[in-house]
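Heads up, the thing below is written out as structure tokens.
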Amino acid sequence: FLSRIEMLTEEVRRWRRGGYTVVLLVTSASRARQLLSALQDKNIDAFYAGNLTGHIRQGNVIVTIGHLSGGFEFPSCSLVVITETEIYGQRRRSRKEKLPASSLSPFTDLKVGDYVVHVNHGIARYLGIVSLTISNVRKEYLLLKYAGEDKLYVPVDQVELIQKYLGGEGEAPRLSRLGGGDWARVKSRVKSAVQEIAQELLTLYKARETIAGRAYNPDTVWQQEFEAAFPYEETPDQLRAIEEVKADLERPRPMDRLLCGDVGYGKTEVALRAAFKVVMDSKQVAVLVPTTILAQQHYNTFLERFAGYPVSIEVLSRFRTPREQRQVLAGLERGTVDIVIGTHRLLQEDVRFKDIGLLVVDEEQRFGVTHKERLKFLRRDVDVITLTATPIPRTLHMSLVGARDTSILETPPEGRYPVQTYVVEEDPVLIREAIRRELSRGGQVFFVYNRILNLDRLALWLQELVPEARMAVAHGQMREEDLEQVMLDFLSGSFDVLVCTTIIENGLDIANVNTLIVKEANMMGLAQLYQLRGRVGRSNRLAYAYFTFRKDHMLGEAAEKRLSAIREFTEFGSGFKIAMRDLEIRGAGNILGSEQHGHIAAVGFDLYCRLLDEAVREAKGELVTPPLETVIELPVEAYIPDEYIADINQKVEVYRRIASLCSTAGLDDLADELADRFGNLPVQAQNLLAVARIKALGSQLRIKTVSFLPDQYRLQFDANPPLSGEVLVALSKEYLNMIKFNSSNGNFEIKVRINKADGELDQLEEFLKKLQPARRQF
């Protein structure tokens, strides 16, 4: 079995012997680099050319970028052109570069009235942004209300000290009191508790590190060809995730990686490449999926991508007859089956592998407790990748505190639109018009109702409502062959409306279905609703999702929050946010024991995770030195005016981004982005970014406070600042009669006068940069 590159090199050598110029035409620079590298490994003297002018010479092998449907031979000119289609079997479709989706930081979604946690002062209620003028200088503050009538005004440059509160099972937390030692005692109690769990986590880490796993070999030529045959340009997130997975596979310890990405973001391709790498090292792969329909769909995808390679792929589900299942099981035990894709049937005791190396779990939350126990046994010493669009809170906890490696795909797919989402009372007129509108453009409809007993009656009602529509019914209690036939008929377009249960929830990919109607959506979980919505909008056509509830039904608080969240999070990349909102509604629960629940409720999920992370690092013997937050006390108006950004949520998000950036380069990039989005920055916003740059430089230099005195600035340093005498002497000469050094009681400070005419903040920033070369390595 010759690889495509081997066959290509034989052809190229033959053409060169005949005196031909060989042009290899590919569709992208990345593909050109891959091809050149592969040819040079085979000792073919090839080179890249941006255009062919001057390069059409006898014996030249040229790689260039271009688009032709097929290659050709031109004997009179001794020229042959070979296209990407002939080299790899299919032409890559380019993916336009897009800006990444909004940040997946889970705690940025802050609204007036939300409960928040201030790291130093405790739990409060967020009342919005207010402007205050103090000493003739106007600034903006986040207003927090504490117990009683206590209020705290937090400067916008300290917004990173505040996080949204996520805690108990939806109950309101008790507000802290300002002053006194209550909050300090609460934090101390939680810190003691997390030190115990940190030891357990450390034991878990050590166990994972000491278990002997398989270290796979570096990529083969076939691996490069397999990846090159992917018919899209990979997104940066995909490439990063693929590299992380490969690095895990090449380490001699078992991998346990969570791959989180929205629908259509390319999770399956990452799993395919991992599976190929494992199979190339003569190990078996199991792909575990929650439904038989999804198993069949994955099976078709794997067959298509692995076509042309000597890899045996089978599917194990209830769509297979008992005889076929026995054959697959025998093949797994003998080792003649390389990849098996199946439902929970794979977790039964009679499934034995000759040499399993990788387990891919798609949507782990869909499996029950018994299945997960069997999964634990199966995954003890094999590499595991878990794919999910909405990680369940427990899985999310484990990844956030580092007990599990996580890769996140957040670059949206090309040419798709967010699903238009409506949460409405059930209305026959609305349902009829929604179905008719979809049918009028040649599309199909999912109508979901999760009660099997009433499904046929509902289908009859819909048939009367829309007589012209062809109806089909599908649910998990149907006979396997009947369900399979219904799904295949719907896929082929024989039916217009599929009246079904949530059997379609996971992974089903039918591009022609672009309207979803869910009856009694208030009875479903948030992650479930999100998964259902992911079944539509999988093409370049605008899609619609209607989540309905009965007119006579009073919604509970949790149901109302779920429906509100599904309506709110419509943009691409919302899966991670959905999981966080689900966590907020259902409560943070526990990580490694129910006793932790009260501690999470006491300080909020984010602060709990921070304390736990610190405790784990301390347990590992790391020196945990919290970063120094430089306090800026300057008489300048540094804020974002309402005329520049009117939306308060956008403004808070920008403040948070500014506070989170710790480099001047990152702040300069953000300034460019704001100018692109909102126009030229007003003076106040320029000052805000300048103050942020000064704060970033001050933190690096371990400056506690930057303040303004009459005619001079004062820099007060922390103990043992990273300064050297040589630089300070040089500065004293440069700033002759304008600088003073003072050191008393172990506290060092610099006072410096700056020429106001040259821009005070700019000059101060320049002075701090001159201190940078003096930083010592500790």
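Just checking, which of Tyr655, Tyr713 is assigned to a strand (DSSP E or B) and of a type in the set (Phe, Trp, Tyr)?
Tyr713
Listed residues Glu73, Glu6, Glu10; which is outside any loop (DSSP other than H, G, I, E, B), at pLDDT 85 or above and under 23 Å from Gly308 (Cα atoms)?
Glu10
Where residues in the stretch 296-335 are farther than 27 Å from Glu225 by Cβ and open to solvent by less than 10 Å² (accessible area, probe 1.4 Å), which of them is modelled with the highest pLDDT?
Ranking the qualifying residues of the stretch 296-335, first place goes to Val328.
Filter the stretch 1-17 for residues that are open to solvent by 50 Å² or more (accessible area, probe 1.4 Å) and touching a residue at least 24 places away in the same chain (Cβ under 8 Å); which is farthest from Leu79 (Cα to Cα)?
Within the stretch 1-17, the match that is farthest from Leu79 (Cα to Cα) is Phe1.
Give the stretch 462-484 a look and list any residue that's part of a helix (DSSP H, G or I), at pLDDT 90 or above and surrounded by 14 or more Cβ atoms within 10 Å (Cβ to Cβ), or say none.
Leu462, Gln463, Leu465
Being more than 11 Å from Ser176 (Cα to Cα) and either β-branched (Val, Ile, Thr) or touching an Asp or Glu at 6+ places or on another chain (Cβ under 7 Å) (or both) is the filter here, so list the residues in the stretch 109-126 that pass it.
Passing the criteria: Val112, Val119, Tyr126.
Where the second residue is assigned to a helix (DSSP H, G or I) and the first is without any contact (Cβ under 8 Å) to a residue 60 or more places away in the chain and lies in the stretch 422-438, which pairs have Cβ atoms under 8 Å and are six or more apart or on separate chains?
Pro428/Leu465; Arg432/Leu465
Quick one: would you say Leu35 is touching a Gly at 6+ places or on another chain (Cβ under 8 Å), closer than 20 Å to Ala229 by Cα and either at pLDDT 85 or above or part of a helix (DSSP H, G or I) (or both)?
Numbers: touching a Gly at 6+ places or on another chain (Cβ under 8 Å): no; closer than 20 Å to Ala229 by Cα: yes; either at pLDDT 85 or above or part of a helix (DSSP H, G or I) (or both): yes.
No.
In the stretch 605-655, what count of residues is obtained for those that are among the β-branched types (Val, Ile, Thr), modelled with pLDDT of 85 or more and farther than 24 Å from Val112 by Cα?
4
Is it true that some residue in the stretch 255-276 is modelled with pLDDT of 85 or more and assigned to a loop (DSSP other than H, G, I, E, B)?
Within the stretch 255-276 (the criterion being modelled with pLDDT of 85 or more and assigned to a loop (DSSP other than H, G, I, E, B)), the answer is yes, since at least one residue qualifies.
Take the residues in the stretch 511-535 that are within 20 Å of Asn300 (Cβ to Cβ) and either among the aliphatic types (A, V, I, L, M) or within 21 Å of the chain's Cα centre (by Cα) (or both); name whichever of them is most open to solvent (accessible area, probe 1.4 Å).
Ala511
Name, by its number, the condition in (1) at pLDDT 85 or above; (2) open to solvent by less than 80 Å² (accessible area, probe 1.4 Å) that does not hold for Ala29.
(1)
Checking Ala671 against (1) touching a strand residue (DSSP E or B) at 6+ places or on another chain (Cβ under 7 Å); (2) open to solvent by less than 30 Å² (accessible area, probe 1.4 Å), which test does it fail?
(1)
Exactly one condition in (1) among the aliphatic types (A, V, I, L, M); (2) touching a residue at least 60 places away in the same chain (Cβ under 8 Å); (3) open to solvent by 10 Å² or more (accessible area, probe 1.4 Å) is false for Ala184; which is it?
Evaluating Ala184 over (1) among the aliphatic types (A, V, I, L, M); (2) touching a residue at least 60 places away in the same chain (Cβ under 8 Å); (3) open to solvent by 10 Å² or more (accessible area, probe 1.4 Å) leaves (2) as the failure.
Condition check ((1) within 30 Å of Phe741 (Cβ to Cβ); (2) open to solvent by 10 Å² or more (accessible area, probe 1.4 Å); (3) touching a residue at least 60 places away in the same chain (Cβ under 8 Å)) across all residues:
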{"residue": "Val636", "(1), (2), (3)": "yes, yes, yes"}
{"residue": "Gly679", "(1), (2), (3)": "no, yes, no"}
{"residue": "Ala692", "(1), (2), (3)": "yes, yes, yes"}
{"residue": "Leu709", "(1), (2), (3)": "yes, yes, no"}
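Is the stretch 224-232 home to any residue that is open to solvent by 40 Å² or more (accessible area, probe 1.4 Å), of a type in the set (Phe, Trp, Tyr) and not in a helix (DSSP H, G or I)?
There is at least one residue in the stretch 224-232 that is open to solvent by 40 Å² or more (accessible area, probe 1.4 Å), of a type in the set (Phe, Trp, Tyr) and not in a helix (DSSP H, G or I).
Taking only pairs six or more apart or across chains, which ones have beta-carbon atoms under 9 Å, a first residue in the stretch 245-256 that is among the β-branched types (Val, Ile, Thr), and a second residue that is buried (at least 19 other Cβ atoms within 10 Å of the Cβ) and in a loop (DSSP other than H, G, I, E, B)?
Val245/Met255
Do any strands (runs of 3 or more DSSP E) lying entirely in the stretch 128-192 carry at least 1 residues that are closer than 26 Å to Ala638 by Cβ and more than 33 Å from the chain's Cα centre (by Cα), and which ones are they? Lay out the reasoning, then the answer.
On the way: elements: 137-145, 151-155, 162-164.
Hits in the stretch 128-192: 137-145, 151-155.
Please work out which residue is modelled with the lowest pLDDT, limiting yourself to the stretch 485-510 and to residues that are within 33 Å of the chain's Cα centre (by Cα) and open to solvent by 50 Å² or more (accessible area, probe 1.4 Å).
Asp509
Which ones in the stretch 423-446 are assigned to a strand (DSSP E or B), surrounded by 14 or more Cβ atoms within 10 Å (Cβ to Cβ) and not aliphatic (A, V, I, L, M)?
Correct list: Gln444, Phe446.
Looking only at the stretch 236-250, decide whether some residue is under 21 Å from Tyr309 (Cβ atoms), part of a helix (DSSP H, G or I) and open to solvent by 10 Å² or more (accessible area, probe 1.4 Å).
yes
Count, please, the residues in the stretch 312-332 that happen to be part of a helix (DSSP H, G or I) and either hydrophobic (A, V, I, L, M, F, W, C) or under 23 Å from Thr301 (Cβ atoms) (or both). Outline the logic, then answer.
Just the residues of the stretch 312-332 that are part of a helix (DSSP H, G or I), to begin with: 322-332.
Checking which are either hydrophobic (A, V, I, L, M, F, W, C) or under 23 Å from Thr301 (Cβ atoms) (or both) leaves us with 324-325, 327-332.
Qualifying residue count, the stretch 312-332: 8.
One residue is enough: does the stretch 148-164 have a residue meeting the conditions among the aromatic types (Phe, Trp, Tyr) and open to solvent by less than 20 Å² (accessible area, probe 1.4 Å)? Let's see the steps before the verdict.
As a first pass, look at the stretch 148-164 and keep what is among the aromatic types (Phe, Trp, Tyr): 153.
Those left that are additionally open to solvent by less than 20 Å² (accessible area, probe 1.4 Å): none.
Taking every residue of the stretch 148-164 in turn, none turns out to be among the aromatic types (Phe, Trp, Tyr) and open to solvent by less than 20 Å² (accessible area, probe 1.4 Å).
Being β-branched (Val, Ile, Thr) and open to solvent by 30 Å² or more (accessible area, probe 1.4 Å) is the filter here, so list the residues in the stretch 638-668 that pass it. Break it down into steps so the answer makes sense when it comes.
So in the stretch 638-668, the residues β-branched (Val, Ile, Thr) come out as 640, 645, 648, 652, 654, 658, 664.
Result: Ile648, Thr664.
For Asp482, state whether it is closer than 27 Å to Gly342 by Cα, acidic (Asp, Glu) and within 33 Å of the chain's Cα centre (by Cα).
It is false that Asp482 is closer than 27 Å to Gly342 by Cα, acidic (Asp, Glu) and within 33 Å of the chain's Cα centre (by Cα).
The values are calculated or read from the model by the stated rules, or taken from the named source; none is laboratory data. Please read these numbers as outputs of a predicted model, since none were measured by experiment. Glycine gets a Cβ as well: all are built from the backbone with ideal geometry, and neighbour counts include every protein chain shown. These accessible areas exclude ligands, DNA and RNA; they are computed on the full protein's heavy atoms, side chains included. Shrake-Rupley method; radii C 1.70, N 1.55, O 1.52, S 1.80 Å.
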